[in-house]
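Only one structure is covered here, and it is reproduced in the block below.
The values are calculated or read from the model by the stated rules, or taken from the named source; none is laboratory data. Only a predicted model underlies this, so the values are computations on that prediction, with no experimental measurement involved. With ideal geometry, Cβ positions are generated from the backbone for all residues, glycine too; neighbour counts draw on all protein chains shown. Side chains included, ligands, DNA and RNA excluded: accessible areas come from the protein's heavy atoms. Shrake-Rupley method; radii C 1.70, N 1.55, O 1.52, S 1.80 Å.
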Amino acid sequence: MTVMDSTTVDVSSVDLCAAGPEPHPRPDGRDRYTISEVVAITHLSAHTLRWYERIGLMPHIDRSQTGQRRFTNKDLDWLAFVGKLRLTGMPVADMVRYAEMVREGDHTYEARQELLERTRRDVQHRIAELQGTLAVLDYKIQFYGGARPAPERA
């Protein structure tokens, strides 16, 4: 979700989940992005960003003197995390509840951990289902690959 360095990295040898965040387009303190810039960076629509703010999924977004939203690097990090939660299939209501707990403070750590652990179990279950589905597809692909008539018999 951020501007990438032009350096090529062999991702097969990198644990992407353990890697640190990529550098942001602008340094902290000078990190004010318009909604159109955030759309370009995150590939979310302006409508989605406004909706996230309206339902409480986004923290308070600062405004310029003219009333334009001004997002920060911290907001971009949050949107990247929300994107990961979306990929897990977490219901929006649970994402909003998680955001509320973050705003409530440190005393919600245990509840946040429980919500994330439950989501992790759901993801692991779905992965197992998909691995079973993949095995069936691989079997069928292999079957059809071996069922082709030899060119001399066609």
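Some points to look at:
- Members of region 1-24 that are open to solvent by less than 70 Å² (accessible area, probe 1.4 Å) and either touching a helix residue (DSSP H, G or I) at 6+ places or on another chain (Cβ under 7 Å) or at pLDDT below 55 (or both): Thr2, Val14, Ala19, His24
- Looking across Gln113, Gln65, Gln142, one residue alone is open to solvent by 100 Å² or more (accessible area, probe 1.4 Å), over 15 Å from the mean Cα position of the chain (by Cα) and modelled with pLDDT of 95 or more. It is Gln113.
- Residues being open to solvent by 40 Å² or more (accessible area, probe 1.4 Å) and either in contact with a strand residue (DSSP E or B) (Cβ under 9 Å, 6 or more places away or on another chain) or assigned to a loop (DSSP other than H, G, I, E, B) (or both) - total across region 25-39: 8
- Unmet criterion (only one of (1) open to solvent by 90 Å² or more (accessible area, probe 1.4 Å); (2) more than 23 Å from the chain's Cα centre (by Cα)) for Thr133: (1)
- Subset tally (residues that are farther than 26 Å from Thr119 by Cα, in contact (Cβ under 8 Å) with a residue 24 or more places away in the chain and of a type in the set (Val, Ile, Thr)) for region 49-92: 1
- For region 85-103, a tally of residues being over 12 Å from Leu57 (Cβ atoms) and open to solvent by 90 Å² or more (accessible area, probe 1.4 Å) returns 1.
- Applying the condition of being in a helix (DSSP H, G or I) and open to solvent by less than 100 Å² (accessible area, probe 1.4 Å) to region 51-62 and asking which residue is nearest to Gly83 (Cα to Cα) yields Tyr52.
- Some residue of region 64-83 being more than 27 Å from Ser36 (Cβ to Cβ) and of a type in the set (S, T, N, Q): no
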